[in-house]
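Only one structure is covered here, and it is reproduced in the block below.
The values are calculated or read from the model by the stated rules, or taken from the named source; none is laboratory data. Not measured: the values here are computed from a predicted model. Cβ placement follows ideal geometry from the backbone for every residue including glycine, while neighbour counts extend to all protein chains displayed.
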Amino acid sequence: MRLNLPVTDTERHLRDGDSVVSRTDIRGIITYVNTTFCEISGYSREELIGQPHNIMRHPDMPTAVFANLWATLKAGKAWKGLIKNRCKDGGFYWVEANANPIVADGEIIGYMSLRTRPCLEQVRRAQQAYADLRDASRHHRWRLRRGRCVRSGWSGWIDRARRPRIRERIAVIIIALVLPGLLAGWSALAGMASSNATLAQMHRAHLVPSQ
């Protein structure tokens, strides 16, 4: 693991709406950076092009996060997670990174990353998870799924139950919207069946001859 030193406690922040964009070849060597990348990192474009992307790696980042990132990208899948980057002067900044493989003719020819400013709650959760991942006695508390830190064991199950994912929220909303209609339809059908049964009884009563 590359160790970039020194580091300071000076934090920088991306502006809302700004995006840090970079591209690398299949070895992780930087081939393109946008102006925002240079502004937030303190490096010039000339200093970045041709360098390995881990020139930005902050020593607070667990090796497991980058292992998960590269394994995901090399498998041809997208990766999304929080990363603490080191600035040229030793300061740092947090980003929510969205990384994707670049594919041509069915082959991965490089990687592209778009990073935006995360919210404070995202950073807080990442700090907690990454502190555990760096600690040999606590790293088992978390699993990484394409950049997402997921608690292991019962605590993870409870955590997911408390904060359902978007798909689960949508499913609940759909059920809430559809269920009343289904119940109303079932009630109407039941009412019709009851009415039909009553009419049938009355019809039979009129057809039965008197004794």
The stretch 58-71, residues that are part of a helix (DSSP H, G or I) and either surrounded by 15 or more Cβ atoms within 10 Å (Cβ to Cβ) or not assigned by TED's automatic domain parsing to the domain that holds residue 85 (or both):
64, 65, 66, 68, 69
Selection from the stretch 18-45 of residues that are assigned to a loop (DSSP other than H, G, I, E, B) and of a type in the set (Phe, Trp, Tyr)
43
Could you check how many residues of the stretch 19-57 are surrounded by 18 or more Cβ atoms within 10 Å (Cβ to Cβ) and within 16 Å of residue 83 (Cα to Cα)?
8
With respect to residue 12, is the statement that it is over 24 Å from residue 142 (Cβ atoms), among the charged types (D, E, K, R) and in contact with a Pro (Cβ under 9 Å, 6 or more places away or on another chain) true?
no
Kindly indicate whether residue 24 is out of contact with any His (no Cβ under 6 Å at 6 or more places or on another chain) and either outside the structural domain of residue 125 (by TED's automatic domain parsing) or among the hydroxyl-bearing types (Ser, Thr, Tyr) (or both).
no
Residue check for residue 98: among the polar types (S, T, N, Q), surrounded by fewer than 16 Cβ atoms within 10 Å (Cβ to Cβ), over 22 Å from residue 9 (Cα atoms) and in contact (Cβ under 8 Å) with a residue 12 or more places away in the chain
no
Give the residue, chosen from 77, 88, that is in contact (Cβ under 8 Å) with a residue 60 or more places away in the chain, of a type outside the set (Ser, Thr, Tyr) and in a loop (DSSP other than H, G, I, E, B).
77
Quick check: is even one residue across the stretch 121-139 within 24 Å of residue 16 (Cα to Cα), exposed (fewer than 10 other Cβ atoms within 10 Å of the Cβ) and modelled with pLDDT of 70 or more?
yes
